[in-house]
């Protein structure tokens, strides 16, 4: 079990990102607890010893009040300092580790097929990136550190009592470890299912509320608005029920720790009284033992919150494991090597059923190649391979950095400038205007009141279809990629706009490779070579200037 936990990629990332800080933070936490116990114990001993010494003038004059009082001040100041340092160090280490884990997870979403999952389930992916990683914060801060501090407190308290009486110290330490650990373990087991249910219900409530707000018009038209509200109400009731169950478990655990603490204190009082009666220890030592016992259960009571949230942590580990463990693609090939596919087979994201079979293809630097054929022949899949959005099932793939330009225009609710800078975050306004001019959109943007600062709505709301496509074209021009991938780039555009877009593409693509997936003649005319695909295989090839090239163009759709 221990080996399996240590091999868990999420745990390794979390615990080994800042190992020194985490170990030092745990040590400071234990030192803070021990300092608190020592402070109360020494204070009790000092008050009792001072009272007894004051009964006679001879003992009062000989009693050293300076060393114990200095020790009390040292412990008080030290406890405050270690508590501050522990909080600062443990939280800094935890937040740094969680930030690194978020970066790693976000990078994994740029791997093959991950982007498709993100598009299909954006709310679920966002929940993984936020709530699930936030749940791991409690793993170290509220579970591992308190467990370590409680164990150290029990052992050191037992050691302190062992100096008074060996049997008392051993029994006391064993009692604390067994009793306090048993309550925490029982609470963890009983709360685990409720914590998992609560986490799932909270995710369903959030995603359902987003769907209700974003799709209320469609739900109302379909007559499902009331049903969606009822579903949210039932989810909210389930969430409230789990909250009540967890609160009851927390209260029960608190009562159990209170009873255990009272039994522990009573046992130490009786044992100390017997030792004093047998003249084996003095009254001040007995006061020290009683006060140490009074505080010894406090660290174990601090385990309650971690035990209550353990189910949420385990669920987060289970959800994040497959995403963090995904292997990375090899780096992009240099631009001088072009695009190379050798006996490549590929499938749709998340499927193992190949739709491209043993395709070998070379696109030299600066060459323009068009993939033609009926719908479903595998054209878009080959482009996805070249864009490194999916990984091949078999064969080898070597692809330079590429930029994909499709019939779908991905614009966001942001300024026009920031939508352009997605292609080049460091682009200056001059470069942005140059790209807009090359795309034929400069004059229209300059006519807008706010120019580049013009806010766009969700999906580019505020621009016409042609303007959106030209904005995407300008973004393509800003992207410094040696390979451009065009997937039905002018579909749904009128003939004049399409011709203008293709002309501008041809002008700006000099020196770059083009791989075009199309069934339109106007797009295929950009190519130097035509490859015909059928059923996932290349069945014909034609070069510009040959009769086969002209026949292939004549057989394509004109608009």
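The values are calculated or read from the model by the stated rules, or taken from the named source; none is laboratory data. For clarity, every value in this text was computed on a predicted model and none was experimentally measured. Positions of Cβ are backbone-derived with ideal geometry, glycine not excepted, and every protein chain shown enters the neighbour counts.
Summary table
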| quantity | calculated |
| --- | --- |
| Residue in the range 506-533 that is nearest to the chain's Cα centre (by Cα), counting only those that are in contact (Cβ under 8 Å) with a residue 40 or more places away in the chain and part of a helix (DSSP H, G or I) | 508 |
| Some residue of the range 495-513 being under 25 Å from residue 355 (Cα atoms) and surrounded by 19 or more Cβ atoms within 10 Å (Cβ to Cβ) | yes |
| Output for the range 534-547, where each listed residue is within 22 Å of residue 366 (Cα to Cα) and either assigned to a helix (DSSP H, G or I) or out of contact with any strand residue (DSSP E or B) (no Cβ under 6 Å at 6 or more places or on another chain) (or both) | 544, 545, 546 |
| Which listed residue, of 448, 463, is in the same structural domain as residue 387 (by TED's automatic domain parsing), in a loop (DSSP other than H, G, I, E, B) and loosely packed, with under 15 Cβ neighbours inside 10 Å | 448 |
| Residue among 476, 493, 422 that alone is more than 17 Å from residue 505 (Cβ to Cβ) and either touching a strand residue (DSSP E or B) at 6+ places or on another chain (Cβ under 8 Å) or part of a loop (DSSP other than H, G, I, E, B) (or both) | 422 |
| Yes/no for residue 303 being in the same structural domain as residue 29 (by TED's automatic domain parsing) and more than 17 Å from residue 151 (Cβ to Cβ) | no |
| Residues of the range 285-301 classified as surrounded by fewer than 20 Cβ atoms within 10 Å (Cβ to Cβ) and more than 14 Å from residue 161 (Cβ to Cβ), total | 1 |
